[in-house]
Structure formats: structure tokens, C-alpha cells
């Protein structure tokens, strides 16, 4: 599997990204969970361009990326799993779990450290939530996240195949759990025992601080339960809850220039800095 993932990494990433985006978009059209408050295509353009800008910045600034770090660590015998001579299957599984925990911890950090929140609030400013919200991140946040991930991959000595699979899965689950899709309640209850569902993550995009400081997981739901950051439902229900940040109402978050400038737009409002 390691050789296959390494040889076909670009095709795999593109196929999963395009396939999940298309599948969720069609699901949203035919079975939406909520009525959108803003035109879809305007928001989509901004969200997709933010994602493309982040991808371009990564390729220019850190062309090695997390997979490259994993390969270099493997050649040098650097990192925990290499030092322990851990069996490849064990290193693969533990690396996947460790990286998922890292994303959870990073998400908590980005909410509570003002400098990081300045970047992350671009994601939360979206006044609707759908599949493209899952890729709506400021390019500088994407760069910072990659730096943290590269450091973790090096210290773990994570197998390159585990890094590739984790990034592909994370990208897919981020689009899935942000999607505006209707899932039967009983199916949602079963799914969220293992993975983060759209209804579970939607709570995190509430304008209420006591709700958007909950449900930080992107892939596995266990971390929120384990660290007591889990909330089952929003106070006002999924159909009536308000999405976004109270200090940044529509239509500003729909604009690309506004979204790119938001991290540098003066001091964060007082109530926002206490999230």
C-alpha cells in the first residue's frame, strides 16, 4: 500500500477531493439540512479561491510538505517510531491516530490563542455552512497548520503512507462534516460514535461562544468526548441556529478581499477575543 500511495499521491488527492466535493454538492441540492441565507455561487467562489490560494502558498513556501518530511525522516532514521524500530503496521496506525489528535489539539489552540484566532476566524465568518466551508481557510492558516503538522510528522517518524492517507481522509471528512446534508437521525447517532457528522460539527459554527467552543474534531469524534468538549445539539436547533460570527454579518464574509484582509483588520472585537 505504501508504494501505491506514494506513486499515485497526486491523482488520489485530486480524485478524492473532486469526488467528495461533487457528491456533497449534489446531496446538498437534493436533500439539504438547512435553507441557505446567501447565494451559493458567490460564497463558493470565495471559499474555493481561498483554498486554492492556500494550496499555492504551500507549494511556494514549503514545497517539501508533510509527506516530504516523512520521507526525509525515514531516510535519516529520525523520529520516535524509527528510534523504537516499531513494526510498520503499528507505526502506520498510531501515526494516523496521533495526527488526528494533533488536528483536534491544534483546533482548540486556534480558538484560544488570539494570534491564531485572527486567522481561524476567517473560517468561522462564513454566514452559511456547506461543503465549501470545509475548505474555507485563510492561506496563512493553511501555512501555519502545515508547519505544525510537519513538525509532528518529523518527531513521530510517521510513515509517508500514513501521512498521505491521513491528509486525504482529513480533507474528505472536513468537506463531509461541513456539508449541508440531511442524514436520518438514527444514522447520525450511529455515525457520530466514530466520526464527526455534519449535525455534530454544525454546532461548532454557531454564533454562540458556548457552542462554537465545542465539537473541535474534524475526523474522529472520540477526542471531543474524551476531553469534554462534546455538545450534542445547538440550543436553537439546527434549522434555527445562526451560523457565523456575530461581529461579522453578511454580506462581508462572502467577499474574497474582505476574507483575506480579516486577520489584519485592527483589533478583534472584545467578545470575540474571549472565545
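Rule-based calculations on the coordinates, nothing more; no lab input. The structure displayed is predicted, hence computed values, not measured ones. All Cβ positions, glycine included, derive from the backbone under ideal geometry; neighbour counts span all protein chains shown.
Overview of results
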{"quantity": "Members of segment 197-224 found to be closer than 20 Å to residue 236 by Cβ, outside any helix (DSSP H, G or I), touching a residue at least 24 places away in the same chain (Cβ under 8 Å) and touching a strand residue (DSSP E or B) at 6+ places or on another chain (Cβ under 9 Å), listed by number", "calculated": "206, 207"}
{"quantity": "Wholly within segment 36-100, helices (runs of 4 or more DSSP H) carrying at least 2 residues that are under 15 Å from residue 155 (Cβ atoms) and in contact (Cβ under 8 Å) with a residue 12 or more places away in the chain", "calculated": "65-76, 80-83"}
{"quantity": "Whichever residue in segment 228-250 is in a loop (DSSP other than H, G, I, E, B), on the phi < 0 side of the Ramachandran plot and touching a residue at least 40 places away in the same chain (Cβ under 8 Å) and, among such residues, is surrounded by the fewest Cβ atoms within 10 Å (Cβ to Cβ)", "calculated": "239"}
